[in-house]
Each structure stands twice: as structure tokens, then as C-alpha cells.
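See below for the structure under consideration.
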Amino acid sequence: MPEATRPVASGPARVVELAGGVGGAKLAQGLQAHLRDRLTVVVNTGDDLERHGLAIWPDHDTVMYTLAGLDDRERGWGIRDETWTAMDQLGRLGEETWFRLGDRDLATHIVRTARLAAGDRPTDVARHLQRALGVAATILPMTDSPVRTEVRTDDGWLDFQTYFVGRQQQPTVHEVRFGGAAEAAPTAEVVASFEALRPTDAIVVAPSNPIVSIGPLMAIDGLRAAVAAGRVRGIPVIAVSGIVGGRALKGPADRMLVSLGHESSALGVARLYADWIDTFVIDTIDADLGPAIEALGLRVVVTDTIMTDDAARSRLARDVLQASVP
């Protein structure tokens, strides 16, 4: 077995990862290589939407397809070797097609929508889809209640996917809100995943957008309380910076941080997380920021955080797991 994919020799027995889309999925794949079914991913649902009468869960599905080994590495979303016959026909029939759904991806949304219409809980539907695709880890929606991320731009409030896909992240974001988060609660499964953790385990925060991927998760009082209760029990919380060298590797996180009054740097992200994490993992490019981050009361781990391939994902996961050991 190659060194990069060999299960980690030391580290937590179990991990709960808080994740958004691509960055969360990549790290989750690395963690799954080491932990298999001892990994639980609690995923952002604020990006969810309805298109063509179907329930679409972008972050959940990005994580699920990645952990199932089906993800399209070139596009960074959806299923590889996808076809687009249904979407092309929808366009011919006069439907909007700016949110592209591949033919095999559509099957996921059809099954999901039918099961939800039959009264199944979102968590139960998610687990059915994951088992059908052979995912070893557990992926849990952060809540079964609707939460929707919206951003305020010069054009007014936009739902997240209109901003992210429809407007291609071009408008400047002046404000972010999470509709429904104040009323939402984490599911029993999410709460149980945290309560089952012991000091030999860990909570990992993915290198996802801190505002619109991790933000909705922590906007749910019960979920934030579960993280805090874990820390009280001695469970380490380790976050990985999604900002490297002042830039987001994918998506608008760097521009969003600046427009919302934060610093676009690993230090800027650390400031957002400082009151609820213990260890912050930064890239070697940002090693000089280590002392300033440590001054926030955080332990700093410096490593290569760029996940270019499976081996790199596994190596970063190994470093994150080992960072949980005092």
C-alpha cells in the first residue's frame, strides 16, 4: 500500500467533520481513506434549492459523489463522464438551464424528491442514497429543517445558487443571512454523532468557505452547542484554513471575506474561528502567520494543505488526524 494512502498509525478513533462542498469533500475523502466508517460528515444544507420540481442538495451531493468515487475532478462538481440529454431537452422546451444537472445526477434528485414527497425525513433519504452508492462514511445533513443562505448585493438579496451559479459569484456581497437557521435544530443523528465522541476522537472543520459553508452550520444553536460541549469533554476541534496565500483555492471566499470586513488570509479565518476551535492548520506558504494565529490562543500546525490528488488528500488527512494528538 502506498505511504500516502496507508491508514494513519496514530490519531483519533473517530472524527466528526463539519463541511461544505468541494473543500469539505476533498478532505472527507482523505479522512475516509484512514477512518472508513468511523468518519461522520455533517454537511451544510444552506445551499439547497429546488429546480424543475426537484430537491437539489449541492453540498451533500458533492461530498457523497466524492466519497463514492464518482466525482468529476475536472469540473469540481457532479458525476464524471456525465451526459446532458435531459438538460438540453429542457432548454429546447423553454426552461432555464443555468443550473446544470447531468443525466445520472438527475436520477439522484428524482429518487430524493420522491422519497421526501412520500414523507421520509431528509436524513433518512440521505442515508439511503449513500448506502446505495457504497459510501463507507456517514454523511448527515446539518438539520432536517429548511435553512437557506442568502446574500445581499447591489442588486438586493439573492438566494445563494442564483449568486453562486446564476451570477457566477460576480456581485459584491455586502451581507449574508441564513433563513430558517434560528428555528432549526440539529437532527438526533447529528447530536448523537457528537455525543458519541471521546477525548481520543476529534472534530474537524473542513477548508470550506468560512462564511457560507461553515457559517450556516454554526448558525444553528444546537450544533454550535454540540461542538462546545465536545470541547468541554476534552475533544479537540481542528480547523483547516481554506485561504492559502491570501486566496481561496476555489470559489469566492477571499472576495467575500474582504467585502464583509474581514482579512482574506489564514489569520483572517482563524479570527473567525478562534472562540470555538483549538488547533488551526495552515499551509506552508502562510507559515509566517503562525505567531499571530498563536496569539489568538490557538495551536498552529503548518503543512502542505493543497489537495491536488488522492495522495495529497490522504496526506493532509493524516496530518490533521495526527494534529489531534497532544
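The values are calculated or read from the model by the stated rules, or taken from the named source; none is laboratory data. As the structure is a prediction and not an experimental result, all values here were calculated from the model. Cβ placement follows ideal geometry from the backbone for every residue including glycine, while neighbour counts extend to all protein chains displayed. The protein model used for the area step is the full one, side chains on, heavy atoms only, and it has no ligands, DNA or RNA in it. Shrake-Rupley method; radii C 1.70, N 1.55, O 1.52, S 1.80 Å.
Taking every alpha-carbon pair under 8 Å whose residues sit at least 6 apart, the chain reaches a relative contact order of 22 percent. Secondary structure note: in the chain, about 40% of the DSSP beta bridges are antiparallel. The longest part of the chain holding none of the exposed loop GluC sites (Glu not before Pro), meaning those outside H, G, I, E and B in DSSP with at most 12 other Cβ atoms within 10 Å, is 184-326. Accessible surface area normalised per residue over the chain is 42 Å², counting heavy atoms of protein chains with a 1.4 Å rolling probe. Cut-off 17 Å, label point 7 angstrom out along Cα-to-Cβ of ARG131: give me the residues of the stretch 188-222 whose amide nitrogen falls inside. From the stretch 188-222, the list is 189-190. Here the dipole of the stretch 139-215 is about 160 debye; that uses its Cα centre as origin and unit charges on the Cβ of Lys and Arg (positive) and Asp and Glu (negative).
Measure off, as a whole percent, the carbon and sulfur share of the 1.4 Å-probe accessible area of the stretch 46-93, all protein chains present. It is 47 percent, rounded to a whole number. With respect to the chain, whose longest principal axis is taken over its alpha-carbon atoms, helix 221-232 is tilted by about 20°.
Within the accessible area of the stretch 240-326, the carbon and sulfur atoms contribute 52%, probe 1.4 Å, all protein chains present. When you count the other C-beta atoms within 10 angstrom of each residue and take the mean per peptide, 249-257, 284-292, 107-115, 54-62 line up highest first as 54-62, 249-257, 107-115, 284-292.
Between THR200 and THR308, the contour length at 0.36 nm per residue exceeds the Cα-Cα span by 36.0 nm.
Between 0 and 90 degrees, the angle of helix 103-117 with respect to the longest Cα principal axis of the chain falls at about 90 degrees.
Using the Cα gyration tensor of the stretch 159-248, with a ≥ b ≥ c the square roots of its eigenvalues, what is the shape: rounded (a/c below 1.5), prolate (a/b larger than b/c) or oblate (neither)? Judged from the Cα gyration tensor, the stretch 159-248 comes out oblate (a/c at least 1.5, b/c at or above a/b).
Shape of the stretch 101-230 from the C-alpha gyration tensor: oblate (a/c of 1.5 or more and a/b not above b/c, with a ≥ b ≥ c the square roots of its eigenvalues).
Relative to the dominant Cα principal axis of the chain, helix 22-35 is inclined by about 60°.
If R0 is 30 Å, what FRET efficiency do you get for GLU96 and ARG36 from their C-beta distance, rounded to 0.05? For R0 = 30 Å, the calculated efficiency reads 0.15.
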